[in-house]
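Okay, structure first, notes after.
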Amino acid sequence: MSVIAPKFRLGYLVKGITDNIFWIIVLLTLIGIPVVQIVLIYIDFPVIDGEIWNPFRVFDAMTHPERALPLVKNFMQTDLFKVVAFPGFGFAALIAATVIFVERKMLAKLQLRIGPFYCGKVEGILQLMADGLKLISKEIIIPAKADKPLFWAVPVLFAATAGAFVALIPVAPGWVVADIDLGLLAVFAVIGFFPIITVLAGWASNSKFPFIGGIRALYQMVSFEIPLILSLLGIVMLTGTLNLSEIVESQVNFPWIIFMPIGAIVFFICILAELERIPFDLPEAESEIVAGWLTELSGMMYGLVQLGSYLKLYAFAALFVVLFLGGWNGPWVYPIEPIAEVITDGIVIMPDALVIKDIPGLPLLPQEMINGTIWFILKTAAVIFFILLPRGVFPRVRIDLLLKIGWYKLIVLAFVNIFIALALVYSGIIGPGGIL
Amino acid sequence: MVDDLVISKQSKGLTIIDQVNSHNANVFIGKLGDILFKAVDKPLGMALNWGRLWSLWPVHIETACCSVEFGAASGPRYDVERFGIIEAFGSLRQCDLVVVQGTITRKMAPRLRLVYDQMPEPKYVIAMGACAITGGLYFDSYNVLPGIDGILPVDVYVPGCPPRPETLIQGCMLLQEKIKRMKPR
Amino acid sequence: MSNQVHPKDKEILPGLQIEKVDDRIMTLNVGPQHPGSGHMRIILKIDGDYIVHTDPDPGYVHRGEEKMAEYRNYITNIPHLERPVIHDSCNILYPYCLGVEELLGLEVPERAKYLRVIAAELNRCVYIEYWLAIYGIFLGHSTMFMWPMGDRELCIDLLDKMTGARVTHAYFVPGGVRNDIPPNFEDVCLRQINYFEKRLKEYADIFYDNPILISRTKDTGILSREDAIKLGTTGSVLRASGVDFDIRKKEPYDVYEELDFQTNVLKEGDSYARSKIPWLDMFESCRIIRDALKKMPKSGSVRVKLKPKPKGGDTEVYRRVESGRGSLGMHIVSRGLPQPYRLKISVPSFRNLIAMPHLLTGEKLGNMPAVYWSLNYWPVEADR
Amino acid sequence: MSSTDSTEIAKTDDSSLASDLDKSLSDSISKKFSNVEIAYVKPDRIRVNVKKEEIIDVASFIRDELNFDHAESVSGVDYPEDKQIEVVYHLGSYTDASLDKKILALATRTPREDNPRPGNDSTKLPSLRDVFPSVSFHERECFEMLGVYFVGHPDNRRLLLPEDWADIPPLRKDFRIKGR
């Protein structure tokens, strides 16, 4: 018999559904599997390649590497894998997590401290996991007069936009989520979305300090986007393309930083400002405006924004590598194995499986992709190191000094960079149809 | 059905129907569901507690002179970041630990309560110093509360005037022990 | 608040004027829970990025020290008089002990005078390092928070050896110091002070010569020489404005006459100068400690025996010393009782607080922490 | 306890040690103002008792002629036996090098009421804020701690005590603290 609970609670409903699912599974296992086995005894198995199949062979064929590896390889070519795992979110999130940990430890070393130490037994390696778990389970407070839909949307939008930025970065030849011809323009478009989110956060939380922080972020990001875009124009002129992969391929012989150090410096400073990192962390300046536009965000909302900002950090560092440091290009360091790829071979089943022969589907990843990824990660780590370093060395600047740097100095330098690029193009040294 | 229950409860004898409710209506489902719930609940709760105890972010409120030793505790020699405690965190919305650093005056008390109320759950309180525990040296002052028990639920008391940073760190470790044994919410 | 505006307000205290409030003006409560406020609240009215009105609201740590001192005798007053500035406790007890000695007619032994000077200078270093650490974190420079915090422990170790406590020493008592130093203290002290001075020089590389810091604090919150005198500021704030006034030189107490040091004066009067003076003072403190260790008599008594519950005469005294923040005075009114009839602690923080509305009004919001904390201000002391 | 003559602080023998400068300072004040009483002249410490009516004149004279330019502290002392409250301004000088050591205590008294209503009773003094701007916060503190209203001070608000303080001013002698 069933009794309707006097006070309905969602938890009971969920629990009831889970219970029922559990029982269905138990009953199916206890009754269904014997039934299936009994049925299988009375069914004739097909004959393939002169061999009679039985259930064991079916399972064997499914789990055997020769059978599975091509499937994995095919899966790795899908968009889903690219978005979720390798050049996309998973890879970037892994790097972001490493960056947070390295930042805390490195800052601690600069300051003669130890940093996270006891969490996770070994040098505090699980500190980030603990922070994440805590943030997930923390209460989320919405201010009473906040614009609730917008307030909820802000962290999600921020993380999603950062994810979109990550999707544009080519990591290795052919390994990019969105390989579009106007890649650089898409980058500008995505960057232009961040100030809107910060202003939304400031406005939606209906509080003073977030409002000031949002306005500051707007000032800062908008005024630094112009030198950021201008500093990249030189490369576009020299390469004649906006596709990021093609820009990387154009740097096989030399990275563009050799010819455009000024542009690289301008771009690096703009990165710091766009990322709101010290010395340009004015929108979150804690001693002036409590935490800036993050003030009212609590629990996992804050966690999402932090995740987004570190994804953004990775994306900007990767963009610097792609544009100025030659992306995946570099000397060959990965050992070359002369294994020919064999996919078209037939299915080799049980007795022959123990024989060592060419396994179809291997190598899973092409050699140049692994080599390129190694170089890409090394270069990105170097750039991230230089992005993290100012935090231990510099104090925070003031908003008017910051805007002055942006409008008076960086834009001028960016134009100097453009003139250098123009000179190189018109003198015929490099560029489309140039000597080099 | 509900009426049946009510009637049967009014009768004197204990019948089976008395003990039937929504949870044990189907005994098998109820029992196995409990086992499943426990199997998921306990590790999950332990994981949550583990995350919470290694990530205590103290709110930035200084109430009196013990803040000097609190600052020293986050300095290089005593470095509470080893335990995952970050000093000087910006906004209280992201914090989960109030370290009451010393005397609470009558002017500060409502503000302290306000700060505590604005923080998201779960939140913990450490009363640092003799003044925060009993009023300490200022037990007879006209403007000082005799301890903060009246306004905040305190988890750990750290005695001393002011406590040495080691004592504060020990208090934090005691709080971690306490969180480990708490029922996760 | 009455509505009349004094003619002098315009030139001297613009913060106390009543501004016309319109929609452009936003009121910000900086504190008491604010990473940039400390133990006080500053009510700011801002117009865009400019502060148009400042109203400091101290009193969050007002614990009634002066009232309680009237109920405790001259000896039991010692531990709770040091609480307002526990990281500068020797210097806040110094004028009290001087005053009580004058009341009771005590003569302090020679060795105790040197020990007092050493303890006071070490404690000044402890205070200034803490102040510098907070200044660093206020400007967003987290390394400058950690380095002084760590180097501060060197001086704290020395004081720990000397007095037995980490911060609340209660080392000074009327008639001398509480106990003698342990053997071998001189060598340890010299070694640690030498290392400490080496570390101090490194601050220039990371903080004082930092171009961002200079661009941020130069020409902000300028306090002219006249205003500094008129507002009665003291200590580093006064000396940064070009007034050479150090009580240790001008009104030498104990053995400061015989020691070799100089006062640091800068003329700019901006936040940068105000932040630099305490740092320079620490070098002088190291000099004083070395000199005092050299000239100190190697043995002798350190304290005069007192009767229980000593009574002062029917008189009043006002004694002042140079503390980490500036001149710290104690006004003790005695009426023949074992406890003071009235004890007024004239604290430098409170005197520097008067300059805050004057300095902050008209500044940008971003300059608020830099100007505010450069006033060498410890809110607990101001509230008493 | 000797509370026989509490109105004036007993003159000590230290006056013989006082320097010529101290004496000349006190002489110049007593020469200019006949009502002013020089309570004592100790080495580097001078105390002048004035009536509250002429305190602004005396303070202006001290500032302009004697070069004392700032106030170090303002202490209020409650004398319930005399039904008076004394306010002592400790004045110092930064500009005149010869006055570096000197502290001039300028004391004045105002009637005290047993049931104080701060701001609305007779416990009032003229504010020295226009003469010495450095006393502005000290006088605010004195107002809340002793209930002395300073006429002419534009900002007689509460400073340190909580906003809901409804008791009598705490530094008065008839305010008893817990258990004492």
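Some notes on this structure:
- Positive contributions from Lys and Arg (+1) and negative ones from Asp and Glu (-1), summed over other residues with Cβ under 12 Å from the Cβ of C:PHE261, come out at -4.
- Accessible surface of the stretch C:65-352 [probe 1.4 Å, protein heavy atoms]: carbon and sulfur percent: 51 percent
- Restricting the stretch C:64-108 to GluC sites (Glu not before Pro) in coil, as DSSP defines it, with at most 14 other Cβ within 10 Å: C:GLU107
- The trypsin sites (Lys or Arg not before Pro) of the stretch A:120-205 that meet both conditions, a loop assignment by DSSP and at most 13 other Cβ atoms within 10 Å of the site Cβ, are A:LYS121, A:LYS145.
- Computed over the stretch C:65-352, the convex hull of the alpha-carbon atoms projects to a mean area of 14.3 nm².
- Scaled to the globular estimate 2.2 N^0.38 Å, the Cα spread of chain A, given as radius of gyration, is 1.24.
- Charge-dipole axis of the protein assembly as shown as Lys and Arg at +1 and Asp and Glu at -1 on Cβ define it, positive-most pick from C:ILE345, A:PHE209, A:VAL425: C:ILE345
- Considering only the stretch B:67-181, percent of DSSP beta bridges that pair antiparallel, nearest 5: 10 percent
- Each principal axis of the Cα cloud of the stretch D:72-180 was taken in turn, and the coordinate range along them, longest first, works out to 47, 29, 26 Å.
- In this assembly, the D-C interface accounts for approximately 5200 Å² of buried accessible surface in total, computed with a 1.4 Å probe and without ligands, DNA or RNA.
- Once you divide the Cα radius of gyration of the protein assembly as shown by 2.2 N^0.38 Å, the number left is 1.14.
- Summing both sides, the accessible surface hidden between B and D at a 1.4 Å probe radius is close to 1000 Å².
- ³J(HN,Hα) computed for each position of the stretch C:332-345 - Karplus, 6.51 cos²θ - 1.76 cosθ + 1.60, integer Hz, glycine/proline x: 10, 9, 10, 10, x, 9, x, 10, x, 6, 8, 10, 9, 9
- With θ taken as phi - 60° and the Karplus curve 6.51 cos²θ - 1.76 cosθ + 1.60 applied, the whole-hertz 3J(HN,Hα) list for the stretch A:273-287 is 6, 5, 7, 6, 9, 4, x, 10, 8, 4, x, 10, 4, 6, 7 Hz, x standing for glycine and proline.
- Share of carbon and sulfur in the accessible heavy-atom surface of the stretch D:16-115 [1.4 Å probe, %]: 47 percent
- For the stretch C:273-347, applying the loop criterion from DSSP together with a ceiling of 11 other beta carbons within 10 Å to the trypsin sites (Lys or Arg not before Pro) yields C:LYS298, C:LYS305.
- Distant-in-sequence amide contacts of C:SER327, defined by a placed amide H-H separation under 5 Å and a gap of 5 or more residues or a different chain, comprise C:GLY235.
- Apportionment of accessible area to carbon and sulfur, chain A, percent (1.4 Å): 74 percent
- Per residue, the protein assembly as shown exposes 39 Å² of accessible surface when a 1.4 Å probe is rolled over the protein heavy atoms with every protein chain present.
- Under 5 Å between amide hydrogens, built in the peptide plane, is the criterion, and for D:LEU91 it picks out D:GLU72, D:LEU104, D:ALA105, D:LEU106 among residues at least 5 positions away or on other chains.
- DSSP-defined beta bridges in the protein assembly as shown - what % are antiparallel, rounded to 5: 75 percent
- This model, with +1 at the C-beta of Lys and Arg and -1 at the C-beta of Asp and Glu, gives the protein assembly as shown a dipole about its Cα centre of some 2220 debye.
- Considering only A:LEU69, A:LEU244, A:LEU232, the Gaussian network model of chain A with Cα springs below 10 Å gives its largest mean-square fluctuation to A:LEU69.
- Mean per-residue shielding of peptide C:319-328 is 1, counting Cβ atoms of other chains within 10 Å of each Cβ.
- Convex hull (Cα only) mean projected area of the stretch D:16-115, reported in nm² to one decimal: 6.7 nm²
- Summing both sides, the accessible surface hidden between A and B at a 1.4 Å probe radius is close to 3800 Å².
- For the stretch D:16-115, the number of Lys pairs with C-alpha atoms closer than 18 Å, counting only pairs eight or more positions apart or on separate chains, is 12.
- In the stretch A:281-313, comparing the full protein assembly with the chain on its own, the residues that lose 50 Å² or more of accessible surface at a 1.4 Å probe are A:GLU286, A:SER287, A:GLU288, A:VAL290, A:TYR302.
- Residue-wise HN-Hα coupling along the stretch A:365-381, computed from phi with Karplus coefficients 6.51, -1.76, 1.60 (Hz; x: Gly, Pro): 10, x, 4, 5, 5, 5, 4, x, 5, 4, 5, 4, 5, 4, 5, 4, 4
- Between the residues D:SER134, D:ILE85, D:PHE150, the greatest Cα displacement towards the positive end of the dipole of chain D, with unit charges on the Cβ of Lys, Arg, Asp and Glu, is found for D:ILE85.
- If R0 equals 51 Å, the separation of the Cβ atoms of D:SER98 and D:LYS51 corresponds to a calculated FRET efficiency of about 0.95.
- Between the stretch A:362-407 and the stretch B:75-112, the Cα center-to-center distance that results, in Å: 33 Å
- Most positive-pole-ward Cα, A:LEU184, C:VAL177, A:PRO261, against dipole of the protein assembly as shown from beta carbon charges: C:VAL177
The values are calculated or read from the model by the stated rules, or taken from the named source; none is laboratory data. All values reported here derive from a predicted model rather than from experimental measurement. No Cβ is skipped: glycine too gets one built from the backbone with ideal geometry, and neighbour counts run over all protein chains shown. Heads up: the accessible areas ignore ligands, DNA and RNA and are worked out on the full protein's heavy atoms, side chains in. Shrake-Rupley method; radii C 1.70, N 1.55, O 1.52, S 1.80 Å.
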